[in-house]
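The values are calculated or read from the model by the stated rules, or taken from the named source; none is laboratory data. Only a predicted model underlies this, so the values are computations on that prediction, with no experimental measurement involved. For neighbour counting, all protein chains shown are included, and Cβ atoms are generated from backbone atoms with ideal geometry for every residue, glycine included.
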Amino acid sequence: MASRQPSRTWNRDGRKNVDTTDARASLESLRKEIIQGKLYGGAVMERSNNQLFTLDTTGKAATAKSFTINLKSDEILSSCSALPAVEGRKRVHSTTASTPRGAGILPVKKRRSNGDPWVTPTAWPEDKLAEKYRAKGLTFLAAPAVVKEPKTLKQPPAPLTQTGKSAPAVRLPEAGISYNTEFQQWDMLLRTKGEKAVGEEMKRLEEAKERERIKPVAAIPEPEPTSRRDSDSGSDGETPAIGRKQPKGKTQAQRNKQLGRKAQQLPMLRANRRKPEADEKNPKPLRKRRFGKVGIGNMPLEIQLPEELADSLRTLKPERSLLSDRFRSMRERGVVESRVSVTERRMYAKKVCERWRYKDFT
């Protein structure tokens with residue numbers, strides 16, 4: 001007897017109970033976009049970049065003048081802040097009987113207070129120490145030295161610019177570093193940065209060549225010094241050395257010529273002196289005298305190469321870090337000093353992975 005054909009009821013039921021909720025929702029949203037697209041130019045995925053984005057290259061002048069932001073870091077690091085300054089070295093604090101303790105376990109200085117830590121102090125409490133000692137009858141004891149307010153506490157920090165004027169907290173960026181800049185501005189900035197980098201590389205190669213030239217000369221041993229008797233015997237038959245002529249004083253005509261040359265060079269020196277002050281609102285060159293033992297260092301290159309330029313906002317890749325920019329700005333303005341970054345040793349190697357958030361734009 002032939003075997004029975006298997007039933008197809010399960011297959012037929014499976015075809016009937018297919019869940020098409022997601023497909024229907026996507027089709028419904030696409031249908032709405034197509035209906036609305038008759039007024040705006042089609043569905044979102046089919047529109048061009050010019051229809052989706054609007055670029056504002058000028059902005060509102062009134063808003064830029066009236067809208068000023070005070071950074072929180074400047075408020076904390078201001079001269080009237082209640083936070084203590086960063087100490088340069090570690091100090092040993094004794095935790096024995098010298099630490100005053102109250103009725104509880106915690107010392108007095110670690111108790112919680114309800115006062116405002118950011119309030120500006122009106123007067124120093126140490127000024128009344130002598131009066132407190134007299135009121136207690138401790139006239140035979142000398143009052144402790146009054147902690148005086150240093151003069152530099154009320155002075156603003158000295159910026160590290162060549163002109164000595166304070167630099168802005170947020171610099172105005174150059175037009176060539178924008179993600180959607182004009183070609184002329186980008187090309188001019190690229191040429192300027194390229195010539196500067198080539199000049200620095202040529203200087204480095206010349207210094208390396210000079211070091212290689214000096215190496216064999218420095219390896220030659222110094223000759224042994226001869227005795228005075230040998231030098232006297234050898235110099236008997238030689239002619240005496242001719243003495244150097246004594247310098248004579250300048251005549252009045254020579255002084256007049258020198259004054260005339262200085263007068264001709266004076267306008268040129270004044271013009272060179274005004275060059276660092278050309279951009280007072282956004283000064284960039286730093287002075288050679290540094291604040292601290294470590295210098296700030298050169299600023300990283302802020303320009304995109306031709307292969308890195310983004311043709312639209314969809315392919316825009318965010319770069320740099322606002323934290324590093326704020327920290328460098330504070331060092332340039334003299335708010336904090338430059339120090340060597342101390343990093344802890346990692347147990348595992350750090351992996352760098354590129355994020356895809358800027359590419360998931362639909």
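Does SER321 qualify as being under 27 Å from GLU182 (Cα atoms), surrounded by 10 or more Cβ atoms within 10 Å (Cβ to Cβ) and small (Gly, Ala, Ser)?
The answer is no for SER321.
With the requirement that a residue be farther than 21 Å from LEU189 by Cβ and over 19 Å from the mean Cα position of the chain (by Cα), what does segment 316-353 give you? Matches in segment 316-353: GLU344, ARG345, ARG346, MET347, TYR348, ALA349, LYS350, LYS351, VAL352, CYS353.
Each row is one residue, and each column tells you yes or no for (1) in a loop (DSSP other than H, G, I, E, B); (2) farther than 30 Å from SER178 by Cβ; (3) at pLDDT 60 or above.
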{"position": "THR239", "(1), (2), (3)": "yes, yes, no"}
{"position": "GLN246", "(1), (2), (3)": "yes, yes, yes"}
{"position": "GLY249", "(1), (2), (3)": "yes, yes, yes"}
{"position": "ARG255", "(1), (2), (3)": "no, yes, yes"}
{"position": "GLN264", "(1), (2), (3)": "no, yes, yes"}
{"position": "PRO267", "(1), (2), (3)": "no, yes, yes"}
{"position": "LYS288", "(1), (2), (3)": "yes, yes, yes"}
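Among the residues of segment 149-196, those that are within 26 Å of ASP311 (Cβ to Cβ) and aliphatic (A, V, I, L, M) comprise LEU172, ALA175, ILE177, MET188, LEU189, LEU190.
Residue count for segment 312-330, restricted to those that are free of Cβ contacts under 8 Å to residues at least 40 places away in the same chain and not in a helix (DSSP H, G or I): 3. Residue pairs whose Cβ atoms lie under 7 Å apart, separated by 6 or more positions or on different chains, with the first residue in segment 331-357 and among the acidic types (Asp, Glu) and the second surrounded by 10 or more Cβ atoms within 10 Å (Cβ to Cβ) and part of a loop (DSSP other than H, G, I, E, B), are GLU332/PRO159; GLU332/LEU160; GLU332/ALA167; GLU332/ILE296; GLU337/PHE291; GLU337/GLY292. Would segment 163-178 turn up any residue that is in contact (Cβ under 8 Å) with a residue 24 or more places away in the chain, within 24 Å of ASP56 (Cα to Cα) and over 19 Å from the mean Cα position of the chain (by Cα)? Yes, there is a match, as at least one residue in segment 163-178 is in contact (Cβ under 8 Å) with a residue 24 or more places away in the chain, within 24 Å of ASP56 (Cα to Cα) and over 19 Å from the mean Cα position of the chain (by Cα).
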